[in-house]
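Everything below concerns the one structure shown next.
The values are calculated or read from the model by the stated rules, or taken from the named source; none is laboratory data. Worth saying up front: this structure is predicted, and the values here are computed from it rather than measured. All Cβ positions, glycine included, derive from the backbone under ideal geometry; neighbour counts span all protein chains shown. The accessibility values were calculated without ligands, DNA or RNA, using every heavy atom of the protein model including side chains. Shrake-Rupley method; radii C 1.70, N 1.55, O 1.52, S 1.80 Å.
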Amino acid sequence: MDPMNYIVLAAIVFTIGAVGVLVRRNAIIVFMCVELMLNACNLAFVSFARMHGNIEGQVIAFFVMVVAAAEVVVGLAIIMQVFRTRRSASVDDANLLRH
Amino acid sequence: MNPLPHTALAAPVITTQPPQIDYALLAPLLVVFAAGVIGVLVEAFVPRPRRRAVQFTLAALALVAAFVLTVVRVALLPAGGAGLTVASASIAVDRPTLFFQGTILVMAIASLLLIAEHRHGESAFAAQAATVPGSEEERAHVLAGSQHTEVYPLVLFAVLGMLMFPASNDFLTMFIALEVMSLPLYLLCGLARRRRLFSQEAAVKYFLLGAFSSAFFLFGIAMVYGYAGSVNFAVIHDTVAAGGAGALPGGGPLLLLGIALVGVGLLFKVGAVPFHSWKPDVYQGAPTPITALMASGTLVAAFGALLRVFYVAFGGSVAEWRPMMWVVAVLTMVLAAVVAVTQRDIKRLLAYSSVVHAGFVLTAVVAASAEGLAGAMFYLAAYGFTTVGAFAVVTLVRVHEGGAESGDIASWAGLGRTSPVLAGSLALFLLAFAGIPLTSGFIGKFAVFEAAVSAGATPLVVVGVLSSAVTAFFYVRIIVLMFFAEPAEARPRVLRPGRLTGAVIGVGVVATLVLGVFPGPVLDRLSPAPGAGTAEAQSVPGGFATTADLFANR
Amino acid sequence: MLSYLAAEPHAVTAAADGVVHSTAWLMIAYPLAGAAVLLLGGRRTNAWGHWLAVAMSLAAFVWAALSLVQLLGLDPAERSRSVHVYEWLTAGSLTIDINLLIDPLSITFALLITGVGSLIHIYSVGYMAEDPGRRRFFGYLNLFVAAMLVLVLADNFVLLFLGWEGVGLASYLLIGFWQHKPSAAVAAKKAFLINRVGDMGLLIAIMLMFGTFGTLAYAPVFASADAAGSAVTTVIGLLLLLGACGKSAQLPLQAWLLDAMEGPTPVSALIHAATMVTAGVYLIVRSGPIFEAAPTAQLVVTIVGAATLLAGAVIGCAKDDIKKALAGSTMSQIGYMTLAAGLGPIGYAAAIAHLVTHGFFKAGLFLGAGSVMHGMNDEVDMRRYGGLRTAMPVTFATFGIGYLAIIGFPFLSGWWTKEGIIEAAFASGGVTGQVLGWAALLGAGLTAFYMSRVMFMTFFGERRWAADAHPHESPRSMTLPMVVLAVGSVALGAVLVYGYRFALFLEPAVGAAEHHEFSLATLLTSWTSLTALAFMVAGVAFAWVRYARAPVPRTAPRGSFVTVAARNELYGNTLNEELFMRPGQALTAAAVSFDEKVVDGVVDGVARGVRDSSEGLRRMQTGFARSYALSMLFGAAVVVALLGVNLV
C-alpha cells in the first residue's frame, strides 16, 4: 500500500479536528478536537519516518504524546476552574472580553 | 537524533554512544530549570509564611545568575564565526541566541519585580485560584492572607521555555520549548486577584487558541519532516539548497505547506494579523505583571524563533515565503493600527500596539538580511523595555485604594496634573512607541525600515510609515488627555510606586532614553562587525552568503 | 560598508576649527538646558525661570554671532564646514554622525532664530507676566529654539528631520498652551494632523534618498543628485515640497496656520511668522541641487508659491481678527519666498533675504498686535479697535514701520527684498516668468490693501472700543523688542541687498547666480519697481477709501494726494465696482469658505474615516473564542494559498 495514503488520512483527521474546534461549544470537546489534530500529526510523523527510513519521526511522536499529556493537565485545570465559576463549559459563554 | 543516511526501509540504527554535551554553553538554561524545580520543592517543604521570600529570592538569584552566565558565554564563542551548536546540534549558541536570551532575562527580571510587588500583603495574584470568585471560601482565603507562591516556579519554567525557543536548532526542540513556555503562561493568565472572571476567560481563550495554533505548528513540522527527512534546521536548509536532493520525491508541495503551517504557529505567537485576536483579550484579562512578561519576553522569544526558522531552515526559500510575509506585515500594520484608534481600555490599547509593533518587526524579517536581523533584535529589545515600563505604570492606577486597576483611558484624564512624574514616564513610553526621535523607538523603527528599504521593500516601508502615523495619533491622544484635559469625575487613585515597581519604571525610562540617544554601543554589537567574515565573503552585502550563515546551525 | 552619513569631504578637525565652530553645539545646548531646567525643575524655578530662558536664548545668539564673525574671517571657498559632535548611531553598515553644518545659510538662520527669538523671549516676560503657566511657556519657547537650531544646523537629513519633528512638537504644545480654551485644543490637533501629512512626505523623501544615494548627508546626496535621473529627483522634490507645504502653510496644507493663532501672541510672532513656518523655504533652498535636477518639481514649487501668495493675500483681506489677518499675510509672504526658492539659484538669495526681513517686520507686526490686545483686554476683533494711535504711541510707531516695510514702501526692508523676488521672477524668462512676475506684482497690491486695512481699522478712524476698554501703552519689556524689530524693519533690507552683499555671502552655500551691475538708479527706475510702487499705492488708496475715509470722511491727515488718486481711480466708478469689487468679494468669501469647508472637511473626513473603519473592525473582535479560531483558520488558508502560488 502506498504510504502516502497514511498522510492523506492524517490530513483528513487533522481537518476533522480543526472543524471540530470551530463547530463545538463544549470546551472539553473543543480541547479533544485539538488532541485529535495532534494525533493526526503523530500519524504523519510515523508515516514519514517509515518513508524516509529513519527514526526521527517516531521519536517525535513520543515527545508529542508527552506534550499532549502535559497540555491535558493544564487545560483541564483551566476548564475546571471556569466551570466551577460559571457552571458552564461552553466556550461561547466566556465573552466578557471583546471589542 | 543525527540524521541517518536515506537507506530506504533499512532497520534504524541506534548508537549507544552518549552524545557529548558542552554543559557550559547550556548553563543559563540549566540554572533556570534547576531553580524552577527547587521552587516546586520549596512549595512542599518551606513553611507557608516564609515561602514568598524564599521563592522570590530564589527566582531573582536564578535569573540574575542566568543573565551573568549569558554574558560570560559571549567569551566562549569562537571569534569571527557565528557560534556553536550543542547537544547534537539541537541547541544553537550564537550571537542572536545570546542577545535574545539576555534580553529575555532582563525582561523576566523586570517582570519578576512587578510580580513580586506587594501592597498591604496583596499581590496581583488570586489568594486561592481554586475558589469560586465571590464565594465565602474566597473571602476566607483573602482574610487569611493566602497567596500563590507557585507563581514563581511557573514563571521560571515559562522563562526556561522562552530561553530555549529562540535557541532551538531543530523543530522538535522548538516545539518542546514552545510548550514549556506556553503551558505555565496559560495558568498564570488565570490567576488575577481582581476581575477574576476576565482573568479566567483570558486563560481559557489563550489555552484553546494556543493549543489550536500549536497543532498547526506541529502539522507544519510534520510536512517539513516529510520533505527533508529531518527536523534539523541545517539539514532542511541544505536539502532546499541542493534543490531537493535527498528530499522525498515530489515533496515540493510538502515543503510549502510546511512553511505555511509552521509560519501560522509562529505568527500566532508574535500576534500578527489575522492570528492576533487572542492578544487583546488575553493581555486585558491576565494579571498585569504577567501581561508585561508576555508582551516583552514572549514576544522577543517568538520573534527569535521566527527569525531562526525563516532565516536558517527556510533561508533557501526566501523567494517563496517573502510574498506571504509581505501580506501579513501589511495586514498587521494597517488593521491593528486602525482598530487601536477606538480602544478605550489601556491594556487593550497596549495589546493592539504590541500587534502593530510586531508588524514593524515583520518588515525586518521580510528583508532577509544581516541588517534585518540586527534591526529586529534592536527593535525587540527597545520595545521590551518600553512596554514593561508602560505596564508597570498601568499597575499603579487603580479605581480606588486597594481596588482593581483603572483601565478606562477616559478616567486617566488630568493624570499629568495629579501625578506628573508617573504620567511623564508613561508619556515618554508612548512617545517611544510612536517612534519620536531621541527615544529608542525611533532608532528601532529606523533600523527595521532601513533594512527593509535596502532589501527593496520600499512599499512596505511606506505602509509602515503611514501606519506609524496613525499610531502616533492615538498615543498622542493619551498624552493630551493626561496633560491637557480636566481631571475626570471619577478620578482614579494613583498608588505610590513601591520600590520594585519604581525600579522597573525607572529602568524603562533610562533604557528608552539611553537607547534613543546613545544606541551606538548596542547597535555596534548587533550588526555583523566588518571583518567578521573572510575577505571574499565581504564582497557580499553584510559579508554573508546566505541568511543561514548569520546563525550557528551545524 | 556603506556609510549613511559620513562626514563631509572637507570636514575639518576640531583644532583647525576654531573654538567657536568646534563648540557650535553649545548653541543648541544652551536653550535645551534652559528647557530642561524649566520643565523638570517644577515650581522652584517659577521666580527666576523666565529670566533663565531669556539668558539661554541670548547666549545662543551670542554664539551664533561669534560663529558668523569667525565665518567671515575665512576665505569664501572655505565657508562651509561640517563640525563633528558625536556618533549617534553606528553599527556596521549603519552610521549616523551628529555633525553640524556651519555655512552662510545655516548661520543666517541661526542668527534670525536666536536674535528674533531672544527679543520675543524678552517681550514675553511682560506679555505673560500674569499667566500662571509662564514657566512652562518659557520652557517650551527654549525647547523650540533648540529644535529649530537643530533643524537648520543639521548637516544631514536625519538630523534635519529630528529638528523638524521637534519644532512641530513645540509648536503643537504652544498652540494648545491655553488648553482651557477648547478652540486652542482643536487648533493644536488640527496643526498636528496636517503637519503629519507633510512630515510623511518628508520622511518618504528621506527614505527614497537613502534608497537612491545610499547616504543621507547633504554633501554626497547633492553631489550625486544630477546623476540620479530626473524621474527620481522629481519624485523626491515633490515629496520634499509636500513636507515644506505642511510646515510653511502653503497650499494645499495651509489650513492650520490661521487656527494656530489660538496660541499666545509671542508664539505667533516667533513660530508662526518669523521662524518655524519658514522651515519649508529653508528645506527647498537647502535641497536646491535636487530641485535643480528636477525642473518639473521646481515648476510645481513656483506654482504653489504663486498660488499661496495670492490666496493668503485674499484671505488676509477678509479676516476681522487682527492675528488672522496677519496670519493670512504670513502665508502670502512665505508664498513669495517659495516662489523665489523654486526659481533656482537666481531666486535663492532673494528668498532668504526676504525671509530674514520678513522675520523682522512680521514679528514686529505680531508683537504690535499683541501689544494692542494687551491694552484692549485681549480683544482681537479689529472692528472693536480704531483710533488707537494716540493711546499707544510706541506701538503705533513700530507697527507703522512694520506696515510700511511689508507693503514695500521704498527704501524700507520689505521694498528691497520683495523687489528682488519680483525681478527674479521676471528674469526667469518665458511665459512662466511673466505669469509668476505678474502674480507677485498683484500680490504686492493686495498686500498693500489688506495691511492698510489692518492699519486703518486699528489705529485710525473713530474709536469703536468696548465699554470697559482702557487702552494703555505696554510695559518697557514689551515695547523695547518692538523698537529693535522696527529698526531692523527699516534698515536690514538695504544692508542685505545693497551691492548684492547678502547674495555674495550666501554663495558658498547655495551656489552662484549671475548678478548684473548693481546701481540704485536702475533699481529705482526699473519698470518692475515702478509698477510695484503703483500697485502698492493703489492698494493703500483703495483701503483708505474703504476703511479710513468712509466712516470718518472729514479727517484727511497726511497723504491726501493718495485719496485723490484713489477717488479718481476707484471711488464712484460703478463699473469697476461691479466688475472687480463684487467678484473680488465673492472670491474672498469663496476662498475663506474653501478653507473652512473643503480643507477642514478633508482633514476631518480622513480622521472620521479611520475612526469609522476602526469601529467596524472592532466589532470583529466578538469575544467568542470560536470566531477567533475561525479567523485563524482563514488566515492559515490565506498563508497556505500565498505559498501555494509558488507551485503555479
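Need the C-alpha centroid separation for the range B:175-248 versus the range B:385-415, integer Å.
33 Å
Just want to confirm a number: the relative contact order over the range B:77-147, from Cα pairs under 8 angstrom separated by 6+ residues, in percent.
That works out to 17 percent.
Return the distance in nm (one decimal) between the two label points of a simple spin-label model at B:PHE518 and B:ILE38, each offset 7 Å from Cα along Cα→Cβ.
Each label point is offset 7 Å from its Cα along the Cβ direction, giving 3.5 nm.
Okay, helix-only estimate at 222 nm for chain B: each DSSP H run of n ≥ 4 adds -39500 (n - 2.57), divide by all residues, round to 500 deg cm²/dmol; what do you get?
Rounded to the nearest 500, the figure is -22000 deg cm²/dmol.
Extending each Cα 7 Å along its Cβ direction at A:ASP2 and A:ALA70, get the distance between those two points in nm, one decimal.
3.8 nm
With a Förster radius of 60 Å, plug the Cβ-Cβ distance of B:VAL74 and C:ARG476 into 1/(1 + (r/R0)^6) and report the FRET value to the nearest 0.05.
0.40
Below 8 Å, C-alpha to C-alpha, sequence gap of six or more: please give me the relative contact order for chain A in percent.
28 percent
Quick check on the range A:4-86: take the gyration tensor over C-alpha atoms, sort the square-rooted eigenvalues as a ≥ b ≥ c, and tell me if it's rounded (a/c under 1.5), prolate or oblate.
Taking the square roots of the gyration eigenvalues as a ≥ b ≥ c, the range A:4-86 is oblate.
Which percent, to the nearest 5, of DSSP beta bridges fully inside chain C are antiparallel?
90 percent
Assuming a ≥ b ≥ c are the square roots of the Cα gyration tensor eigenvalues, decide whether chain C counts as rounded (a/c under 1.5), prolate (otherwise, with a/b larger than b/c) or oblate.
It comes out rounded by the Cα gyration axes.
If you count only protein heavy atoms with a 1.4 Å probe, what accessible area per residue comes out for the range B:30-551, rounded to a whole Å²?
Counting only protein heavy atoms, the per-residue value for the range B:30-551 is 28 Å².
Report the accessible surface area buried between chains C and A, summing both sides, using a 1.4 Å probe on protein heavy atoms only, in Å² rounded to the nearest 100.
Summed over both sides, the interface buries about 1100 Å².
Counting only protein heavy atoms and rolling a 1.4 Å probe, how much accessible area do A and B lose on contact, total for both sides, in Å² to 100?
Using a 1.4 Å probe on protein heavy atoms, the buried area is about 4600 Å².
At 1.4 Å probe size, with the rest of the protein present, what percent of the exposed accessible area of the protein assembly as shown is carbon and sulfur atoms?
Ligands and nucleic acids excluded, carbon and sulfur give 68 percent.
With the cut-off at 39 Å, report for the range B:30-551 the share of all Cα pairs above it, as a whole percent.
In whole percent, the share of Cα-Cα pairs in the range B:30-551 beyond 39 Å is 21.
Taking the Cβ-Cβ separation of B:GLU122 and A:LEU9 as r and a Förster radius of 51 Å, what is the calculated FRET efficiency to the nearest 0.05?
Efficiency computed from Cβ-Cβ geometry: 0.40.
7 Å from Cα along Cα→Cβ at both C:LEU26 and B:LEU30: what's the point-to-point distance in nm?
Going by the 7 Å Cα→Cβ label model, 5.8 nm.
Using the Kirkwood radius built from alpha carbon pairs, what does the Stokes-Einstein equation give as D for the protein assembly as shown at 25 °C and 0.890 mPa s, in µm² per second?
For these conditions, the coefficient is 74 µm²/s.
In whole angstrom, note down how far apart the Cα centers of the range C:389-414 and the range B:121-141 are.
For the range C:389-414 versus the range B:121-141, the Cα centre distance is 77 Å.
For chain C, take the longest principal axis of its alpha carbons; what is the angle in degrees between that and the long axis of helix C:25-41, to the nearest 10 within 0 to 90?
Relative to chain C, helix C:25-41 is tipped by roughly 90 degrees.
Stretch C:ALA641-C:ASP468 to full length: gain in nm at 0.36 nm per residue minus the Cα-Cα span?
That works out to 54.7 nm of additional length.
Determine the gain in length on full extension of the stretch B:ALA245-B:ALA410; use 0.36 nm per residue of separation and subtract their C-alpha separation, reporting nm with one decimal.
This chain segment gains 53.3 nm when fully extended.
Which pairs in the list C:LYS181/C:LYS362; C:LYS324/C:LYS362; B:LYS205/B:LYS269; C:LYS323/C:LYS418 are over 18 Å apart, alpha-carbon to alpha-carbon?
Checking Cα-Cα distances, C:LYS181/C:LYS362; C:LYS323/C:LYS418 exceed 18 Å.
Just the number, please: buried accessible area between B and C, total of both chains, 1.4 angstrom probe, nearest 100 square angstrom.
The summed interface area works out to 5300 Å².
For an R0 of 56 angstrom, estimate the FRET efficiency from the Cβ-Cβ distance between C:ASP604 and A:ARG50 and round to the nearest 0.05.
Computed FRET efficiency for C:ASP604 and A:ARG50: 0.30.
Only four residue types carry charge here, +1 at the Cβ of Lys and Arg and -1 at the Cβ of Asp and Glu. Report the dipole size of chain C about the Cα centre in Debye, rounded to the nearest 20.
The calculation lands at about 1780 debye.
Taking a cut-off of 14 Å between Cα atoms, list the aspartates and glutamates near B:LYS445, but don't count ones fewer than 8 places away on the same chain.
Of all the aspartates and glutamates, those that pass the test against B:LYS445 - Cα under 14 Å, at least 8 places apart if same chain - are B:GLU371.
So, with +1 on the Cβ of K and R and -1 on the Cβ of D and E, and no other charges, what is the size of the charge dipole of the protein assembly as shown about its Cα centre, to the nearest 20 debye?
Dipole magnitude for the protein assembly as shown comes out near 3200 debye.
DSSP loop (so not H, G, I, E, B), at most 16 other Cβ within 10 Å: list which trypsin sites (Lys or Arg not before Pro) in the range C:84-189 pass both filters.
none
What is the distance in Å between the Cα centroid of the range A:11-27 and that of the range B:335-373?
If we compute the Cα centre of each part, the gap is 30 Å.
Using +1 at the Cβ of each Lys and Arg and -1 at the Cβ of each Asp and Glu in the range A:4-86, identify which of A:ASN39, A:LEU76, A:GLY53 lies farthest towards the dipole's positive end.
The residue sitting farthest along the positive end of the dipole is A:LEU76.
Calculate for chain C the 222 nm mean residue ellipticity that helices alone would give, adding -39,500 (n - 2.57) per DSSP H run of length 4 or more and normalising by residue count, nearest 500 deg cm²/dmol.
-22500 deg cm²/dmol
Rounding to the nearest 20 debye, state how big the charge dipole of the range C:274-411 is about its Cα centre with +1 on each Lys and Arg Cβ and -1 on each Asp and Glu Cβ.
100 debye
Using +1 at the Cβ of each Lys and Arg and -1 at the Cβ of each Asp and Glu in the range C:28-162, identify which of C:MET56, C:VAL125, C:SER106 lies farthest towards the dipole's positive end.
Among C:MET56, C:VAL125, C:SER106, the one farthest towards the positive end of the dipole of the range C:28-162 is C:VAL125.
Of B:ALA129, B:THR173, C:THR45, which is farthest along the charge dipole of the protein assembly as shown in the positive direction, counting Lys and Arg as +1 and Asp and Glu as -1 at C-beta?
B:ALA129
Relative contact order, percent, of chain C when contacts are C-alpha pairs under 8 Å separated by at least 6 residues?
Relative contact order, chain C: 12 percent.
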